[in-house]
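Notes for the one structure printed next.
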Amino acid sequence: EYQLPNLVMANSFFVVMRLQIPPQSQASELCKLRLSWDNSEQEERQRLLTSLTLPSVSDAQLADFPLDEEVQRQVILMLAARAKKEAIAQVDAGNYNEASQILQNTHVQVLTAPSSSLVSQEAEALLDLDKDLKQRRVKEFRKSSHYQSHSYQRSWSQGEYEEYQAKRKKRYDKKDKK
């Protein structure tokens, strides 16, 4: 069971799940989802139950399905958020080189995602974090990594995250000029 953060009307929220599905010979129900929420205009708690059922397809058919670019972007951004947490844990353990390697590997992964301003900003943020780490600005690294990871995983709207990234870049550029 997973509890979502507080949702705000007209603010999109992405939930990404990876399912490992063994080969199926027929259509089958893969998972059930239950969503419950309180609506200020109604007294009763609202509930929605649904399931995910997919047809059985051959390997050749599956290979022909196009990948959804938005899903690819969201997955890579969530992986970047997770990598930032892992890098913080490595720094806390005194493993600066391992933390740097995590950030560099994640940067390479982010560059494989379909292009968007958000993906470009995330790639730049990873480089900036690695730069902070290499210059042993650990306090700045830790604060920025934690804030970025937490904020993305709490599902800022894309606009809010892009605005944060633009402000972050200005601050970082000023820091480099000093």
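Some points to look at:
- Ratio Rg/Rh [Cα only; Rh per Kirkwood] for the chain: 1.05
- For the cross-link pairs LYS139/LYS167; LYS32/LYS84; LYS32/LYS85, the ones whose C-alpha atoms lie over 26 Å apart are LYS32/LYS84; LYS32/LYS85.
- Counting only protein heavy atoms and a probe of 1.4 Å, the accessible surface of the chain is 51% carbon and sulfur.
- Principal-axis tilt of helix 96-111 within the chain, Cα atoms, nearest 10 degrees: 50 degrees
- The chain, dipole about Cα centre (Lys/Arg Cβ +1, Asp/Glu Cβ -1), debye to the nearest 20: 1200 debye
- Kirkwood Rh (inverse of mean 1/r, distinct Cα pairs), region 48-94, angstrom: 14.3 Å
- Cross-link partners of LYS170 among lysines, defined as those whose alpha carbon lies under 17 angstrom from its own and excluding same-chain residues fewer than eight positions apart: LYS131, LYS143, LYS178.
- Partners of LYS174 within straight-line reach, counting aspartates and glutamates whose Cα lies under 19 Å from its Cα and excluding those fewer than 8 residues away in the same chain: GLU122, GLU124, ASP128, ASP130, ASP132, GLU140, GLU162, GLU163.
- For the chain, the longest principal axis of the Cα atoms and the long axis of helix 158-177 meet at an angle of about 10 degrees.
- Region 24-98 - percent relative contact order, Cα under 8 Å, separation 6 or more: 24 percent
- Accessible surface, per residue, of the chain when the full set of protein chains is kept, probe 1.4 Å, Å²: 72 Å²
The values are calculated or read from the model by the stated rules, or taken from the named source; none is laboratory data. All figures in this text were calculated on a predicted structure; none of them were measured in a lab. Backbone-built Cβ (ideal geometry, glycine too); neighbour counts: all protein chains shown. Protein only, heavy atoms only, side chains kept; ligands, DNA and RNA dropped before computing areas. Shrake-Rupley method; radii C 1.70, N 1.55, O 1.52, S 1.80 Å.
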